[in-house]
Every structure is written in structure tokens, then in C-alpha cells.
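Asks: Questions regarding the structure given below will be posed in turn.
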Amino acid sequence: MSWALGLWVILQGLSVIGVLNYWRHLPTDRQEEAPEGVVMLLSVRDDWDGSPGLIARLKAQTARFRLVVATSGACAAAEAMAAREGDWVQLVRAGIAGDEGQKVHKLRAALRSLREADRYLVFVDADIMPPPRLVGRLLFPLVRGKADIVTGYRLLLPEAGVAAALVGAVEMQLATLPRAASATMPWGGAMALTRETAERLELDAALAGRLSDDMAIGLAGWRAKLRLRPVRDLLVASPLARQGALAFAVRQYRHVLTNSPGMWGIACAVAGVQALGWVWAAGWGGWSAVAVGYAAALGRALARRRIVAGVLEAGQARTARRSLRWDVLAPFAVCWAHWGIQLAAACSSRIRWGGYDYWMRNGKVARMERVG
């Protein structure tokens with residue numbers, strides 16, 4: 001065996017071990033807490049349709065909470081829901097941002113509207129399909145004093161189509177990475193922290209001028225040396241449409257790059273090693289190297305299939321498995337796409353998101369314009 005093939009075997013073996021590690025550490029005893037004083041913050045666009053599916057899932061949560069819906073002030077569906085739901089829903093009209101992300105602007109307004117009794121803050125996105133355990137599982141480490149910030153992560157449900165499934169495969173690489181209990185970044189689609197932590201971070205000021213709420217909160221938490229804890233069984237179903245799938249993936253990495261170039265560089269180096277390894281395997285490694293790569297891909301896909309089955313509902317799992325086909329049939333394409341997405345993120349500082357174009361400088365919004 002040549003030294004290059006030996007390194008390739010080690011690299012592929014480590015990738016399989018990483019996914020197996022995630023599967024092995026999936027909680028079987030999924031303990032929840034349901035304390036008093038829980039408030040959920042939901043930012044919605046003005047063209048939000050009310051997401052009846054999401055609202056039904058939120059009402060089915062095992063832990064009770066009060067819902068704060070933050071809008072720019074012109075969302076008819078949110079106004080109707082607030083009138084219909086009474087005390088359960090509080091509506092916050094934030095207006096239009098001038099020097100920060102519109103979502104961040106709305107969340108800051110929601111934070112300023114908190115009541116004295118609000119002790120636990122849960123952040124969710126409007127496009128997720130949360131399981132009934134979501135809130136209770138996020139709260140468990142907080143109530144037990146095991147974490148300061150708790151997070152889940154998205155698991156994409158790609159619409160039928162080549163690009164969406166490929167982006168789903170790239171995202172599944174990230175979703176099933178091993179996670180240390182004190183070294184992770186939160187995801188704003190399913191995140192929780194205590195009111196005390198929010199005040200310690202001076203969260204309103206930490207978010208000011210920012211575009212990405214989760215990057216801003218995560219970096220502030222790292223600087224304050226807080227305990228950021230992932231809940232491994234909260235890989236939350238998030239639909240991904242065919243149209244705009246690649247743009248979505250590039251945007252996520254551009255968020256990372258514009259907030260933390262060092263983090264982007266590390267991620268790019270890791271993905272680049274895999275991508276260039278496949279170039280070597282296909283061009284010079286021979287059939288043995290290709291066989292090693294495909295064997296490892298099959299091992300990862302089987303482990304991810306078990307993870308998906310363990311965290312999603314049956315129908316969601318069937319959709320998520322579309323992404324696994326790429327890892328089995330063309331694992332090299334997933335690695336090349338992942339690296340390509342990261343490199344594409346570095347080609348501009350402009351981020352198009354939620355109907356606005358944002359130009360970023362040093363992690364903050366330098367300029368913004370409405371699209372169309």
C-alpha cells in the first residue's frame with residue numbers, strides 16, 4: 001500500500017467514525033422540562049401566510065410557552081392570528097431596518113418587548129417542522145443547569161430535484177458532524193437560552209447591526225466563555241425547495257465568512273482535503289482508492305439513515321433520504337459541491353436574504369437595499 005493510499009484510507013475511516021460517533025451518542029432517554037415563564041420568539045416576513053402547519057405543531061408542544069410574533073408591521077396573517085389567539089400570541093411591529101438585518105431588527109424589537117415573568121427564551125424559524133419534544137428538549141439542559149445556550153440543527157427535506165438533493169447531502173455532512181458539548185455554534189431555527197444569559201450577553205447590543213442572529217449570538221457566547229450545548233436528537237425537519245437551493249447553501253457559508261473568516265477557513269480546509277482527495281483517487285489512486293471512497297460513503301450513508309430514522313417522523317425521513325442517494329452514488333460530487341459552495345461564498349460580500357440585499361463589512365451590515 002502506498003503512503004497516499006494509506007492516508008486516503010485514514011481520511012475515509014475518520015469520516016465514517018465521525019458519523020458513527022453521532023449515531024452512537026443520539027440520546028435514547030430524551031428528557032424534557034416544562035418550566036413556567038417560557039417565551040418563544042418567531043420572526044416572520046410581511047408575506048407570511050400564517051403557516052398553519054407550523055402553528056399546529058407549536059400548539060402540540062409538550063412544554064407550554066407564550067408566542068411572540070415579530071413583524072415589520074405589515075403582515076396581515078400575523079395580525080389575524082394575534083386577534084384570533086388572544087393572550088397566547090403577542091404581536092410586535094418592528095418597522096423597517098436601516099442598518100441591520102430585517103430578521104435581527106425584528107428579534108431585537110421582540111427582546112425589548114419581553115415581560116418581567118419571561119425567564120426562558122426560545123428562538124425558532126418560520127419554515128421548520130418541529131417535533132412535539134422541541135421546546136421541552138431545548139429547555140432540559142437550561143433548567144438542569146447544564147448549559148447556557150442550547151441548540152438543535154436543521155435537517156433538510158429536499159424537494160425532488162438534483163440540486164436540492166445535492167445541497168441536502170452537503171448539509172447532512174454538517175448535521176451529522178460530531179458535536180462537543182461545549183464547542184458548537186447555535187442555529188437560530190431552534191435555540192434557547194435563559195433571560196439571565198441574554199442579559200449577561202447584552203443581547204440587544206450584541207445583535208445590533210448584524211445580519212445573522214445565530215452567528216452573532218454564538219460568537220458572543222464564545223467570547224463570554226458560555227456553555228453552548230447541542231441536543232443531538234433535535235435535527236429539525238426544514239423543507240428545501242428546488243429553486244434557490246444552491247443560493248441558500250452559498251448564503252449560509254457567506255454568513256460564516258462575513259462573521260468569522262477563521263471559522264470559514266477551517267471549514268474550507270476540511271472540505272478541501274476531502275475534495276482534493278477525490279481528485280487524487282479518481283485521477284491517480286486507481287480502482288482501490290475509488291473502492292475505499294465508495295465503501296466509506298456507503299458506511300456513512302447507512303449510519304445517517306439510522307440517524308434520520310431516529311430523529312424524524314416517518315414521512316420526513318423518506319424525504320430526507322433523497323440526499324443519501326448522492327452519498328452512495330456519487331460521494332465525490334458531494335465533496336466537490338461542498339468545497340465549491342464554500343469558495344463561491346468568498347466571491348462577494350453581498351448577501352440576498354428575505355427580500356433585501358445586504359453588503360457586509362467586518363460582520364456588520366454596511367448597506368442594504370430592498371430587492372425588486
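The values are calculated or read from the model by the stated rules, or taken from the named source; none is laboratory data. Not measured: the values here are computed from a predicted model. Counting neighbours? That spans all protein chains shown, and the Cβs are built from the backbone with ideal geometry, glycine included. Just so you know, the surface numbers come from the protein's heavy atoms only, side chains and all, with ligands and any DNA or RNA stripped out. Shrake-Rupley method; radii C 1.70, N 1.55, O 1.52, S 1.80 Å.
Asks: Whenever you get a sec, line up ILE217, ILE10 from highest to lowest accessible area (probe 1.4 Å, protein heavy atoms).
Replies: On the way: ILE217 0, ILE10 100 Å².
Descending order: ILE10, ILE217.
Asks: Pop out the ³J(HN,Hα) list for segment 309-323 in order, Karplus 6.51 cos²θ - 1.76 cosθ + 1.60 with θ = phi - 60°, rounded to Hz; leave Gly and Pro as x.
Replies: 5, x, 10, 10, 5, 4, x, 5, 4, 4, 5, 4, 5, 4, 5
Asks: What base-10 log of the normalised intensity I(q)/I(0) is obtained for segment 86-196 from the Debye formula, alpha carbons as equal point scatterers, at q = 0.09, 0.16, 0.22 Å⁻¹?
Replies: -0.32, -0.95, -1.32
Asks: Say a paramagnetic label sat at a point 7 Å from the Cα of LEU298, along Cα to Cβ; which residues of segment 139-181 have their backbone N under 16 Å from it?
Replies: Residues passing the 16 Å test: none.
Asks: Answer with a single label: of (i) 159; (ii) 134; (iii) 187, which was calculated as volume of the Cα convex hull per residue in Å³ from the structure in view?
Replies: Computed from the coordinates, volume of the Cα convex hull per residue in Å³ corresponds to (ii).
Asks: Continuing with the same structure: How high is the relative contact order of segment 148-283? Use alpha-carbon pairs under 8 Å, at least six apart in sequence, and give a whole percent.
Replies: Numbers: 165 pairs, mean separation 50.9, N = 136.
About 37 percent, as a whole number.
Asks: So what is Rg over Rh here for segment 122-252, counting just Cα atoms and using Kirkwood for Rh?
Replies: Values: Rg = 15.0 Å, Rh = 15.3 Å.
Rg/Rh for segment 122-252 comes to 0.98.
Asks: Could you report segment 158-247's accessible area per residue, 1.4 Å probe, as an integer in Å²? Don't jump to the answer; show the numbers that get you there.
Replies: Values: 3380 Å² over 90 residues.
Per residue, segment 158-247 has 38 Å² of solvent-accessible surface.
Asks: Could you do me a favour and compute the accessible area per residue for segment 258-336, 1.4 Å probe, result in Å²? Walk me through the intermediate numbers first.
Replies: On the way: 3720 Å² over 79 residues.
With all protein chains present, segment 258-336 gives 47 Å² per residue.
Asks: Find how much the distance from ILE96 to TRP222 grows on full extension, using 0.36 nm per residue of separation minus their present alpha carbon separation; answer in nm with one decimal. Write out the running numbers ahead of the final one.
Replies: Values: separation 126, 0.36 × 126 = 45.36 nm, distance 2.97 nm.
So the extension gain works out to 42.4 nm.
Asks: Running a GNM on the chain with Cα contacts under 10 Å, which residue among VAL89, VAL150, VAL236 ends up with the highest mean-square fluctuation?
Replies: In this elastic network of the chain, the residue with the biggest mean-square fluctuation among VAL89, VAL150, VAL236 is VAL89.
Asks: Where a Cα-Cα gap under 27 Å defines reach, which lysines qualify for LYS364, not counting those fewer than 8 residues away within the same chain?
Replies: LYS364 reaches LYS103, LYS106, LYS225.
Asks: Tell me, what is the FRET efficiency for VAL162 and TRP359 to the nearest 0.05, using R0 = 41 angstrom and their Cβ-Cβ distance as r? It would help to have the intermediate numbers written out before the result.
Replies: Numbers: r = 31 Å, r/R0 = 0.76.
Once the sixth-power term is evaluated, E becomes 0.85.
Asks: Step through the residues of segment 229-245 one at a time and calculate ³J(HN,Hα) from phi using the Karplus curve (6.51 cos²θ - 1.76 cosθ + 1.60, θ = phi - 60°), rounding each to whole Hz and writing x for Gly and Pro.
Replies: 10, x, 9, 5, 7, 9, 8, 8, 4, 9, x, 10, 7, 4, 5, x, 4
Asks: Report the accessible area of VAL371, computed with a 1.4 Å probe over the heavy atoms of all protein chains in place, in Å² rounded to the nearest 10.
Replies: It works out to around 60 Å².
Asks: Hey, another quick one. Just how large is the dipole of the chain about the Cα centre, in debye to the nearest 20, putting +1 at every Lys and Arg Cβ and -1 at every Asp and Glu Cβ? It would help to have the intermediate numbers written out before the result.
Replies: On the way: 46 positive and 30 negative charges, 122 e Å.
Here the size comes out at about 580 debye.
Asks: Put a dot 7 Å past each Cα toward the Cβ at SER2 and LEU329; how far apart are the dots in nm?
Replies: Going from the LEU329 label point to the SER2 one covers 3.0 nm.
Asks: Of LEU156, GLY189, VAL68, which is farthest on the positive side of the dipole of the chain, counting Cα position, with +1 on Lys and Arg Cβ, -1 on Asp and Glu Cβ, and the Cα centre as origin?
Replies: After comparing all options, I get LEU156.
Asks: I would also like to ask the following. Solvent-accessible area of PHE332, probe 1.4 Å, all protein chains present, reported in Å² to the nearest ten, please.
Replies: Here the residue's solvent-accessible area equals roughly 60 Å².
Asks: With an 8 Å Cα cut-off and a minimum separation of 6 or more residues, compute the relative contact order for segment 6-159 in percent. Present the calculation step by step, with values, prior to reporting the outcome.
Replies: Numbers: 207 pairs, mean separation 46.3, N = 154.
Taking the mean separation of contacting Cα pairs over the length of segment 6-159, I get 30 percent.
Asks: Can you pull the accessible area of GLU171 for me, 1.4 Å probe, Å² to the nearest 10?
Replies: 20
Asks: Continuing with this model, one more query. If you find the alpha carbon centre of segment 323-352 and of segment 121-158, how far apart are they in angstrom?
Replies: After rounding, the separation between the Cα centres reads 26 Å.
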